Amino acid sequence: MELLGICSSCGAAGKLFTCQLCGGLVCARCLDPGSGVCRQCAGGRRAGDLLGGQD
Ligand SMILES: [Zn+2]
Ligand SMILES: [Zn+2]
């Protein structure tokens, strides 16, 4: 089951994965394989704000 579309992070077209944190669709390059979250979540997460994620 593959999901194809436009990466919400870098804008590249291809196979997408769902970020486990923000739910965004990102490409393989923008997804952290270890944590299953997108690059933005993996690198820009705020301390004490890992849960929720809603504005
Ligand atoms: Zn991407
Ligand atoms: Zn994310």
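Read-outs throughout are calculated quantities, based only on the coordinates presented, and are distinct from any laboratory measurement. Bear in mind the structure is a predicted one, so any value in this text is a computation, not a measurement.
For a distance above 16 Å, tell me the whole-number percent of Cα pairs in region 4-44 that qualify.
For region 4-44, the share of Cα pairs beyond 16 Å comes to 18 percent.
Please list, ordered by chain and number, the residues whose modelled amide H lies under 5 Å from the amide H of LEU16; skip anything fewer than 5 residues away on the same chain.
Close amide H contacts, sequence-distant or interchain: LEU3, LEU4, GLY5.
Using modelled backbone amide H atoms (1.01 Å from N, in-plane), which distant-in-sequence or interchain residues come within less than 5 Å of CYS22's amide H?
CYS38
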